[in-house]
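Colleague: Shown below is the structure under consideration.
The values are calculated or read from the model by the stated rules, or taken from the named source; none is laboratory data. None of the values given here were measured: they were computed from a predicted structure. Cβ sites come from the backbone with ideal geometry, for glycine too, and all protein chains shown count toward neighbours.
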Amino acid sequence: MAEPILQINNISLSFGGVKAIENISFNVADGEVCAVVGPNGAGKSSMLNVINGIYTAQEGNITFDGTTHAKMTTSVAAKAGIARTFQNIALFKGMNVVENIMTGRNMMTKTNWMAQGLNLPSAKREEAEHREAVEKIISFLQIEAIRKTQAASLPYGLQKRVELARALAAEPRMLLLDEPMAGMNLEEKQDMSCFILEANREYALTTVLIEHDIGVVMDISDHVVVLDYGKKIGDGTPDEVVNNQDVINAYLGVSHD
Amino acid sequence: MDTFPKLLSQQAADNPEKTAIRHKKLGVWQSQSWGELASAAAGLSSGMKSKGVGPGSRVGVIGANLPEMFQAILAAQQLSAVVVPMHPDSTGDALAQTLTQSECEMVIAQDQQQVDAVLEVRGQCPALKTVIYLNGRGMENYEGITKLSDMIQEDVSAPDVSTISGDTPAFIFHTAGTSGTPKGVVLSNAAMIDRARSLTNTENLTIDDEILAFLPMSMAASMLYTYAISLVTGCTLSCPESNETVLIDMQEIGPTVLYAPPFVYKDMVSSAESRIQSAGKLKYSMYHAALASCMKIENKKITTGTNIVDALLYQLHQLLVFAPMKSVNGLSRLRVALAGGDSIAPYVFSFFRSIGINLKHTYGTTETAACITIQEDGDEGHNVGVPVEGVELKIDEGSGELLVKGVGMFDSYYNNPEATASVKTSDGWIRTGDLATYDENNNLMILDNISEVGLMSNGAKFTPKPIEVLVSGSPFIKQCVAIGDGRGEVTAIIVMYEGSLNTWADRMGIRYTGFADLASREEVYTLTKEHLSTVNAELDSALQIKRFVILNRELNIANSEVTRARSLQRDNINNQYSQMIEALYSGAKEYKHTDDNREHNLPIMSTT
């Protein structure tokens, strides 16, 4: 087992009196695909939001890549190399696909706004470099045909793929994907699964994803964490988790006969 | 210069710096000159030799039009090997059959999709020794296959190709096989080059021409109009970035020469109609007024000749309406546009003529190197033109079948002497299997494939293709199957174009839930009926369509209803739709059609 890149230590999060997450701990090993599953309202998206600093947990801390953060913020997470996609697509609707993916390179821009505004040679050179990196991702995700298409006019499945492209453009160490396959048909899910697995390998990523389709989860994850009502009820390999009685009860209900 | 390897050496010597081939990589067009192409092919050729490829070896290629593929084809031919191009989507039994029939020893596959397809049937192909791939993505754990770039040997001098003779087989193409099992058609270097030369002469092709290679390599016509023409003229071949980007690439390259089967041209007309239907009122009326006016002027040209007013009007329409449209579609620089492989609807033909594109019919079969006749410039008739240089035609008096003789004919069907003998007559003619005649200006006209000609119960000869071609002349109709063999009347199964029909329905304010629903609507039936009555006016009374049904989905390749070139597979259609066909003759008003376990009521309408 590889050294954990991410350690979630006793995280609790509540909104007023509602406890969204209660004392959850788990580790994510470097290079693995970890799925966080659970029924609606189990606290999955909240967990992802805590990891990249959108929510601040009242208790507990997060260790990412050897550094412990009692209070993670979005900019710290981004600088540390955590990128994510959202359950509700959050692309810039009026911009085209290349422009959307280019925004993922923002953190890596070295020239200042003045140089960019004046279009100095240094800024031009840098833009060309970023553009090349973006083109590699476009080719990797096979979206050449929609390069210049406005994001808002794309079908849902392709918007999801562009969102993944933008996250990859940030050259992250860890990718958080919130329901990357929601609302997709079987074929689109298969394509997306391939892209997630290949990206994990090709870019040496660690991937944490939320997914409802247990078939997909079983196929692509190395490690599954199961949440229910804000508590962790399962943690292990896909095989261990599906044979866990607590998990079966949470998903199927308990038989009363 | 009677072989491809010799032509390559000549281009590399005469035009070393001229761009031979380009491909878009990472969003930028990358060029390779004739000099670079020749040295790449030489390196690959010596690598192939070390893998056992030699004179007469069969080397399969399966993948898209890519510079590496063209290099590999040249490299194999430098070793006097025969190249067997396969369709990039070919899999399973069909692929196994092609590989075993042609006894391929080496296959060069594009990426994981093609490699998986080949490996799946490898066990059935005893001759297959080596599998080479271009792009290794997703295949890190594969064993027993070699990457193309690892096979290239550096710093090798160009191989000696002076001893290769013109009659050395260059390609084995597999015929589409609308009936029976496909056969491997062997075409020699000289046959393809002679044909490319005569096209170069009749169409004045030069080194400055631009060609986009977008048709599957498995078609003889595709290799003739890309590979052979570029080697003969030295012009530039561009490879699309991917299958999905062809239209964008076309716009960026602006090809000057275009060859495509009729369905490609028909798709362009329908997509133009679809876009204009959703444009503003002014644009919509301008477009249709300009089109109607130019079609009329084109017509007058043949009958009475044009006057100055017409000429001015024509130029004005071209400038205001069609120039921007052509620019958007990448047709601005198009000088030579050829359609072949099937008949083209008169409407589609006059559409292209009206927007100022010199679209011309060609005719040929795989056995005759894809092109034996070509229309003369300005000829507006519905014929396939006159024979190309070095080709002689004859129509058999008894059967009406077209026979051909001359340069550029196939060598044989690979390993199938009986089939070869059945097509080649003892006095050197080749049977085309097509029924043909001459029009009043001595231009050839193809009526139909002999095997598809039937007899109606009233004694009339039933030729479905000319009917279907007329019917598919509407921008709203995609496919048509005419039925009449052994019957007293002609009926038709019709498939609509989804894109243009949807925008038409939106414009007309018709509410519908989906294409299947829309296709069965009364308004759509009325639209179709109007079109069919104009078609019937042009047909002999025995061949007029009496009733029709609109199918709510496309006839597709997956169900073996059409071939990859979109030709109908009539036997399969007759089997699969036998009940629907019976309903067309039973006088029923409706047919309950089950598709994907869902029932649809398809109305049956009379045309009168």
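Colleague: So, in segment B:435-487, how many residues would count as being of a type in the set (D, E) and in a strand (DSSP E or B)? Full working, then the answer.
Modeller: Narrowing segment B:435-487 to residues of a type in the set (D, E): B:439-440, B:448, B:452, B:468, B:485.
Adding the requirement that they be in a strand (DSSP E or B) leaves B:448.
Of the residues in that region, 1 qualify.
Colleague: Of all the residues that make up segment B:488-518, how many are among the aromatic types (F, W, Y) and not in a loop (DSSP other than H, G, I, E, B)?
Modeller: The initial filter retains those residues of segment B:488-518 that are among the aromatic types (F, W, Y), namely B:497, B:504, B:512, B:515.
Checking the rest, the ones that are also not in a loop (DSSP other than H, G, I, E, B) come to B:504, B:515.
Final tally of qualifying residues: 2.
Colleague: Residue under question is A:A42, and the condition is that it be away from chain B (no Cβ under 14 Å) and either among the aromatic types (F, W, Y) or touching an Asp or Glu at 6+ places or on another chain (Cβ under 6 Å) (or both); does it hold?
Modeller: Working: away from chain B (no Cβ under 14 Å): yes; either among the aromatic types (F, W, Y) or touching an Asp or Glu at 6+ places or on another chain (Cβ under 6 Å) (or both): yes.
Spelling it out, A:A42 is indeed away from chain B (no Cβ under 14 Å) and either among the aromatic types (F, W, Y) or touching an Asp or Glu at 6+ places or on another chain (Cβ under 6 Å) (or both).
Colleague: Here is a follow-up. Checking A:F195 against (1) under 15 Å from the mean Cα position of the chain (by Cα); (2) touching a residue at least 60 places away in the same chain (Cβ under 8 Å), which test does it fail?
Modeller: All conditions are met except number (2).
Colleague: Do we find a residue being within 14 Å of chain A (Cβ to nearest Cβ), of a type in the set (G, A, S) and surrounded by fewer than 17 Cβ atoms within 10 Å (Cβ to Cβ) anywhere in segment B:88-97? Spell out the reasoning first.
Modeller: Residues of segment B:88-97 that are within 14 Å of chain A (Cβ to nearest Cβ), as a first pass: none.
Among the residues of segment B:88-97, not one is within 14 Å of chain A (Cβ to nearest Cβ), of a type in the set (G, A, S) and surrounded by fewer than 17 Cβ atoms within 10 Å (Cβ to Cβ), which makes the answer no.
Colleague: Considering only residues that are of a type in the set (V, I, T), without any contact (Cβ under 8 Å) to a residue 40 or more places away in the chain and out of contact with any helix residue (DSSP H, G or I) (no Cβ under 7 Å at 6 or more places or on another chain), which ones fall in segment B:495-518?
Modeller: Taking segment B:495-518 as the starting set, the residues that turn out to be of a type in the set (V, I, T) are B:495, B:503, B:510, B:513.
Restricting the remaining residues to those that are without any contact (Cβ under 8 Å) to a residue 40 or more places away in the chain gives B:510, B:513.
Matches in segment B:495-518: B:T513 only.
Colleague: Next question, about the same structure. Could you go through segment A:124-131 and let me know if any residue there is more than 19 Å from A:A83 (Cβ to Cβ), under 18 Å from the mean Cα position of the chain (by Cα) and away from chain B (no Cβ under 14 Å).
Modeller: no
Colleague: Suppose we filter B:N597, B:N601, B:N552 for residues that are assigned by TED's automatic domain parsing to the domain that holds B:V490, more than 21 Å from B:I467 (Cβ to Cβ) and in contact with a helix residue (DSSP H, G or I) (Cβ under 7 Å, 6 or more places away or on another chain); which single one remains? Give the steps one after another, and end with the answer.
Modeller: On the way: B:N597 fails: in contact with a helix residue (DSSP H, G or I) (Cβ under 7 Å, 6 or more places away or on another chain); B:N601 fails: in contact with a helix residue (DSSP H, G or I) (Cβ under 7 Å, 6 or more places away or on another chain).
Answer to the check: B:N552.
Colleague: Identify, please: which residue in segment A:132-143 is at the interface with chain B (Cβ under 8 Å from one of its Cβ atoms) and under 23 Å from the mean Cα position of the chain (by Cα) and is, among those, farthest from A:A199 (Cα to Cα)? Quick ask: steps written out before the conclusion?
Modeller: First pass over segment A:132-143, keeping only residues at the interface with chain B (Cβ under 8 Å from one of its Cβ atoms): A:132, A:135-136, A:138-139, A:142.
Now drop any that are not under 23 Å from the mean Cα position of the chain (by Cα), which leaves A:135-136, A:138-139, A:142.
Values: A:E135: 15, A:K136: 12, A:I138: 12, A:S139: 12, A:Q142: 12 Å.
Restricting to residues being at the interface with chain B (Cβ under 8 Å from one of its Cβ atoms) and under 23 Å from the mean Cα position of the chain (by Cα), the top hit is A:E135.
Colleague: Just need a number here: residues in segment B:444-496 that are polar (S, T, N, Q), farther than 24 Å from B:K529 by Cβ and in contact with a Ser or Thr (Cβ under 8 Å, 6 or more places away or on another chain). I'd like the intermediate steps shown before the answer.
Modeller: So the first thing to find is which residues in segment B:444-496 are polar (S, T, N, Q), and the list is B:449, B:451, B:457-458, B:463, B:472, B:474, B:479, B:491.
Next, from what is left, pick out any that are farther than 24 Å from B:K529 by Cβ: B:449, B:451, B:457.
When the remaining residues are screened for being in contact with a Ser or Thr (Cβ under 8 Å, 6 or more places away or on another chain), the result is B:449, B:451.
The qualifying residues number 2.
Colleague: Within segment A:194-234, which residues are among the polar types (S, T, N, Q), over 22 Å from A:Q245 (Cα atoms) and either modelled with pLDDT under 90 or crowded, with 21+ Cβ neighbours inside 10 Å (or both)? Break it down into steps so the answer makes sense when it comes.
Modeller: Keep residues of segment A:194-234 that are among the polar types (S, T, N, Q), which gives A:200, A:206-207, A:221.
Right, trim to over 22 Å from A:Q245 (Cα atoms) and you get A:200, A:206-207.
The answer is A:T206, A:T207.
Colleague: Moving on. Considering segment B:565-608 alone, what residues qualify as being touching an Asp or Glu at 6+ places or on another chain (Cβ under 8 Å) and not hydrophobic (A, V, I, L, M, F, W, C)?
Modeller: If the condition is that a residue be touching an Asp or Glu at 6+ places or on another chain (Cβ under 8 Å) and not hydrophobic (A, V, I, L, M, F, W, C), then B:R566, B:S567, B:Q569, B:R570, B:N572, B:Q576, B:Y585, B:K592, B:H593, B:N601, B:P603 are the ones that fit.
Colleague: Look through A:A167, A:A182, A:A204 and report the one residue that is more than 12 Å from every other protein chain (Cβ to nearest Cβ) and closer than 21 Å to A:N40 by Cα.
Modeller: On the way: A:A167 fails: closer than 21 Å to A:N40 by Cα; A:A204 fails: closer than 21 Å to A:N40 by Cα.
After ruling out the rest, the residue left standing is A:A182.
Colleague: Also: I'd like to verify a number: residues in segment B:119-171 that are assigned to a loop (DSSP other than H, G, I, E, B) and charged (D, E, K, R), how many? Break it down stepwise before answering.
Modeller: Filtering segment B:119-171 for residues assigned to a loop (DSSP other than H, G, I, E, B) gives B:125-129, B:134-145, B:152-168.
If we keep only those that are charged (D, E, K, R) too, we end up with B:129, B:137, B:140, B:143, B:154-155, B:160, B:167.
Of the residues in segment B:119-171, 8 are assigned to a loop (DSSP other than H, G, I, E, B) and charged (D, E, K, R).
Colleague: Could you figure out which of (1) assigned to a helix (DSSP H, G or I); (2) surrounded by fewer than 16 Cβ atoms within 10 Å (Cβ to Cβ); (3) more than 14 Å from every other protein chain (Cβ to nearest Cβ); (4) out of contact with any helix residue (DSSP H, G or I) (no Cβ under 8 Å at 6 or more places or on another chain) isn't true of B:D116?
Modeller: (3)
Colleague: Condition check: more than 14 Å from chain A (Cβ to nearest Cβ), in a strand (DSSP E or B) and touching a Ser or Thr at 6+ places or on another chain (Cβ under 6 Å). Does B:I108 satisfy that? Reasoning before the result, please.
Modeller: Working: more than 14 Å from chain A (Cβ to nearest Cβ): yes; in a strand (DSSP E or B): yes; touching a Ser or Thr at 6+ places or on another chain (Cβ under 6 Å): no.
Taking the combined requirement at face value, the residue does not satisfy it.
Colleague: Of (1) assigned by TED's automatic domain parsing to the domain that holds A:K136; (2) over 16 Å from the mean Cα position of the chain (by Cα); (3) crowded, with 16+ Cβ neighbours inside 10 Å, A:P4 satisfies all except one. Which?
Modeller: Only one criterion in (1) assigned by TED's automatic domain parsing to the domain that holds A:K136; (2) over 16 Å from the mean Cα position of the chain (by Cα); (3) crowded, with 16+ Cβ neighbours inside 10 Å is unmet by A:P4, namely (1).
Colleague: Show me the helices (runs of 4 or more DSSP H) entirely contained within segment B:519-608 in which 2 or more residues are surrounded by 14 or more Cβ atoms within 10 Å (Cβ to Cβ) and free of Cβ contacts under 8 Å to residues at least 60 places away in the same chain.
Modeller: B:522-538, B:570-576
Colleague: Also: For a quick check of your reading: which helices (runs of 4 or more DSSP H) sit entirely within segment B:216-302 and have at least 1 residues that are over 20 Å from the mean Cα position of the chain (by Cα)?
Modeller: Numbers: elements: B:220-223, B:229-233, B:246-253, B:262-277.
In segment B:216-302, B:229-233, B:246-253, B:262-277 are the helices (runs of 4 or more DSSP H) which contain 1 or more residues that are over 20 Å from the mean Cα position of the chain (by Cα).
Colleague: Further, regarding this structure: Specify the residue that is surrounded by the fewest Cβ atoms within 10 Å (Cβ to Cβ); the eligible residues are those in segment B:222-262 that are among the hydrophobic types (A, V, I, L, M, F, W, C) and free of Cβ contacts under 8 Å to residues at least 60 places away in the same chain. Before the answer, list the steps.
Modeller: Step one: filter segment B:222-262 for residues among the hydrophobic types (A, V, I, L, M, F, W, C), giving B:223-224, B:228-229, B:231-232, B:235, B:237, B:239, B:246-248, B:250, B:253, B:257-258, B:260.
Still in the list and also free of Cβ contacts under 8 Å to residues at least 60 places away in the same chain: B:229, B:235, B:246, B:248.
On the way: B:I229: 25, B:C235: 21, B:V246: 17, B:I248: 19.
The extreme case among them is B:V246.
Colleague: State the number of residues belonging to segment B:279-294 that are surrounded by 16 or more Cβ atoms within 10 Å (Cβ to Cβ) and either touching a Ser or Thr at 6+ places or on another chain (Cβ under 7 Å) or closer than 20 Å to B:G473 by Cα (or both). Before you say what the answer is, go through the steps one by one.
Modeller: At the first step, the residues of segment B:279-294 found to be surrounded by 16 or more Cβ atoms within 10 Å (Cβ to Cβ) are B:286-287, B:290-291, B:293-294.
With the extra rule that they be either touching a Ser or Thr at 6+ places or on another chain (Cβ under 7 Å) or closer than 20 Å to B:G473 by Cα (or both), the set shrinks to B:287, B:290-291, B:293-294.
Of the residues in segment B:279-294, 5 are surrounded by 16 or more Cβ atoms within 10 Å (Cβ to Cβ) and either touching a Ser or Thr at 6+ places or on another chain (Cβ under 7 Å) or closer than 20 Å to B:G473 by Cα (or both).
Colleague: Follow-up. Report, by residue number, each residue of segment B:1-55 that is within 14 Å of chain A (Cβ to nearest Cβ), at negative phi and of a type in the set (A, V, I, L, M).
Modeller: So the first thing to find is which residues in segment B:1-55 are within 14 Å of chain A (Cβ to nearest Cβ), and the list is B:23-30.
Adding the requirement that they be at negative phi leaves B:23-25, B:28-30.
Within segment B:1-55, just B:V28 meets the criteria.
Colleague: Can you tell which of B:G60, B:G35 is at pLDDT 95 or above and assigned to a strand (DSSP E or B)? Break it down into steps so the answer makes sense when it comes.
Modeller: Details: B:G35 fails: assigned to a strand (DSSP E or B).
None of the others qualify; the one that does is B:G60.
Colleague: Another question, then. Among the residues of segment B:121-143 satisfying the criterion of being small (G, A, S) and within 18 Å of B:Q110 (Cβ to Cβ), which is nearest to the chain's Cα centre (by Cα)? Even if it seems obvious, please write down each step before you answer.
Modeller: Residues of segment B:121-143 small (G, A, S): B:123, B:127, B:136, B:138.
Filter again for within 18 Å of B:Q110 (Cβ to Cβ), leaving B:136, B:138.
Working: B:G136: 30, B:G138: 32 Å.
Step by step, filter segment B:121-143, then rank; the result is B:G136.
Each row is one residue, and each column tells you yes or no for (1) buried (at least 24 other Cβ atoms within 10 Å of the Cβ); (2) among the basic types (K, R); (3) touching a helix residue (DSSP H, G or I) at 6+ places or on another chain (Cβ under 9 Å).
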position: B:S457; (1), (2), (3): no, no, no
position: B:F462; (1), (2), (3): no, no, yes
position: B:K465; (1), (2), (3): no, yes, yes
position: B:L470; (1), (2), (3): yes, no, yes
position: B:F476; (1), (2), (3): no, no, yes
position: B:A482; (1), (2), (3): yes, no, yes
position: B:R487; (1), (2), (3): no, yes, yes
position: B:I493; (1), (2), (3): no, no, yes
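Colleague: Which number in (1) touching a residue at least 12 places away in the same chain (Cβ under 8 Å); (2) away from chain A (no Cβ under 14 Å); (3) in contact with a Leu (Cβ under 8 Å, 6 or more places away or on another chain) marks the one condition that B:R122 misses?
Modeller: (1) is the only condition that B:R122 fails.
Colleague: I need the full set of residues from segment A:144-164 which are out of contact with any Phe, Trp or Tyr (no Cβ under 9 Å at 6 or more places or on another chain) and either within 14 Å of another protein chain (Cβ to nearest Cβ) or without any contact (Cβ under 8 Å) to a residue 40 or more places away in the chain (or both), in order please.
Modeller: Matches in segment A:144-164: A:E144, A:A145, A:I146, A:R147, A:K148, A:T149, A:S153, A:L154, A:P155, A:G157, A:L158.
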